[in-house]
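Engineer: Would you mind keeping the following structure in view while I ask a few things?
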Amino acid sequence: MFTTTNVILFLVALLAIWVITIFNGLIRSRFRVREAWSDIEVQLKRRYDLIPNLVDTVKGYMTHEKDVFEKVTQARAQSLSAQGHTEKGAAEGELTSTLKTLFAVSENYPELKANTNFMELQRELSDTENKIQAARRFYNGNVLDYNTRIHVFPTNLIAGLFHFIKEEFFQLDSEAAREPVAVKF
């Protein structure tokens, strides 16, 4: 019953089950990272969609602030076209900084601050910023788990064998972007 062939077949079967289990766990972790990234992209798209409405609302009141509008529009375009987590992080940091400038300049226009459309857009943008932060934390947590799995023994053996690569964290590069957009009146 316990012949050498049976023992070898049993050990090979155990090894195969172990490899399959680890491989499937790595795949699940990779998909969690991708799902978390898609959550970030959904919130960024929502933000991109709000910005033109905000700029249009503000333009009527802030006729002397053309350079601020151009910077916001340019930063939005850069964010939309950014590829990769590092480039996207840098572009998002710049966009956040320009939005802060827009809100700071809007403080000089009391009639604008009384505009209900502007108030609603500003509230929605602030809410979106909070959701982006939450999505970013969720994504970075999943990246941490995934990267840890592919670097610890013995999972790193299977990860190396099947070419699982390290994922990048999503970080905002701008120092000003690390703070939430101020919504003060």
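Condition check ((1) surrounded by 12 or more Cβ atoms within 10 Å (Cβ to Cβ); (2) over 19 Å from the mean Cα position of the chain (by Cα)) across all residues:
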position: LEU15; (1), (2): no, yes
position: GLU35; (1), (2): yes, no
position: ASP39; (1), (2): yes, no
position: TYR61; (1), (2): yes, yes
position: LYS66; (1), (2): no, yes
position: THR73; (1), (2): yes, yes
position: ALA82; (1), (2): yes, no
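Each row is one residue, and each column tells you yes or no for (1) modelled with pLDDT under 85; (2) in contact with a Leu (Cβ under 9 Å, 6 or more places away or on another chain).
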{"position": "ASP49", "(1), (2)": "no, no"}
{"position": "PRO52", "(1), (2)": "no, no"}
{"position": "LYS59", "(1), (2)": "yes, no"}
{"position": "THR63", "(1), (2)": "yes, no"}
{"position": "VAL72", "(1), (2)": "no, yes"}
{"position": "ALA77", "(1), (2)": "no, no"}
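Engineer: Sticking with this structure for a sec: Could you go through segment 121-129 and let me know if any residue there is part of a helix (DSSP H, G or I) and in contact with a Pro (Cβ under 6 Å, 6 or more places away or on another chain). Spell out the reasoning first.
Structural biologist: Within segment 121-129, the subset part of a helix (DSSP H, G or I) is 121-129.
Right, trim to in contact with a Pro (Cβ under 6 Å, 6 or more places away or on another chain) and you get 129.
Yes, because at least one residue in segment 121-129 is part of a helix (DSSP H, G or I) and in contact with a Pro (Cβ under 6 Å, 6 or more places away or on another chain).
Engineer: Under the condition of being more than 27 Å from LEU15 (Cα to Cα) and among the basic types (Lys, Arg), which residue from segment 117-169 is surrounded by the most Cβ atoms within 10 Å (Cβ to Cβ)?
Structural biologist: By that ranking, first place goes to ARG136.
Engineer: Can you tell me which residue within segment 117-158, out of those that are more than 12 Å from the chain's Cα centre (by Cα) and among the acidic types (Asp, Glu), is nearest to GLY25 (Cα to Cα)?
Structural biologist: ASP145
Engineer: Anything in segment 103-116 that is assigned to a helix (DSSP H, G or I) and surrounded by 13 or more Cβ atoms within 10 Å (Cβ to Cβ)? List them, or say none.
Structural biologist: Restricting attention to segment 103-116, the residues satisfying the condition of being assigned to a helix (DSSP H, G or I) are 103-106, 110-113, 116.
Correct list: PHE103, VAL105, SER106, LEU112, LYS113.
Engineer: Here's another thing I want to ask about it. So which residues in segment 70-86 are out of contact with any Lys or Arg (no Cβ under 8 Å at 6 or more places or on another chain), on the phi < 0 side of the Ramachandran plot and not basic (Lys, Arg), if there are any at all? Don't jump to the end; show me each part of the working.
Structural biologist: Taking segment 70-86 and keeping what is out of contact with any Lys or Arg (no Cβ under 8 Å at 6 or more places or on another chain), we get 70-78, 80-81, 83-86.
Okay, now just the ones that are also on the phi < 0 side of the Ramachandran plot, so 70-78, 80-81, 83, 85-86.
Passing the criteria: GLU70, VAL72, THR73, GLN74, ALA75, ALA77, GLN78, LEU80, SER81, GLN83, HIS85, THR86.
Engineer: Filter segment 44-67 down to the residues that are assigned to a loop (DSSP other than H, G, I, E, B) and either among the polar types (S, T, N, Q) or touching a residue at least 12 places away in the same chain (Cβ under 8 Å) (or both) and list them by number. Please lay out each step first, then the result.
Structural biologist: Looking only at segment 44-67, we keep the residues that are assigned to a loop (DSSP other than H, G, I, E, B), and these are 60-65.
If the condition is that a residue be assigned to a loop (DSSP other than H, G, I, E, B) and either among the polar types (S, T, N, Q) or touching a residue at least 12 places away in the same chain (Cβ under 8 Å) (or both), then TYR61, MET62, THR63, GLU65 are the ones that fit.
Engineer: Hey, another quick one. Return the residues of segment 68-97 that are touching a residue at least 40 places away in the same chain (Cβ under 8 Å) and polar (S, T, N, Q); say none if nothing qualifies.
Structural biologist: THR86, THR96, SER97
Engineer: Check PHE2, PHE31, PHE10, PHE23 and return the single one that is over 31 Å from the mean Cα position of the chain (by Cα) and surrounded by 11 or more Cβ atoms within 10 Å (Cβ to Cβ).
Structural biologist: Working: PHE2 fails: surrounded by 11 or more Cβ atoms within 10 Å (Cβ to Cβ); PHE31 fails: over 31 Å from the mean Cα position of the chain (by Cα); PHE23 fails: over 31 Å from the mean Cα position of the chain (by Cα).
None of the other options fit; the residue is PHE10.
The values are calculated or read from the model by the stated rules, or taken from the named source; none is laboratory data. Keep in mind it's a predicted model, so treat the numbers as computed, not measured. Virtual Cβ from ideal backbone geometry, glycine too; neighbours counted across all protein chains shown.
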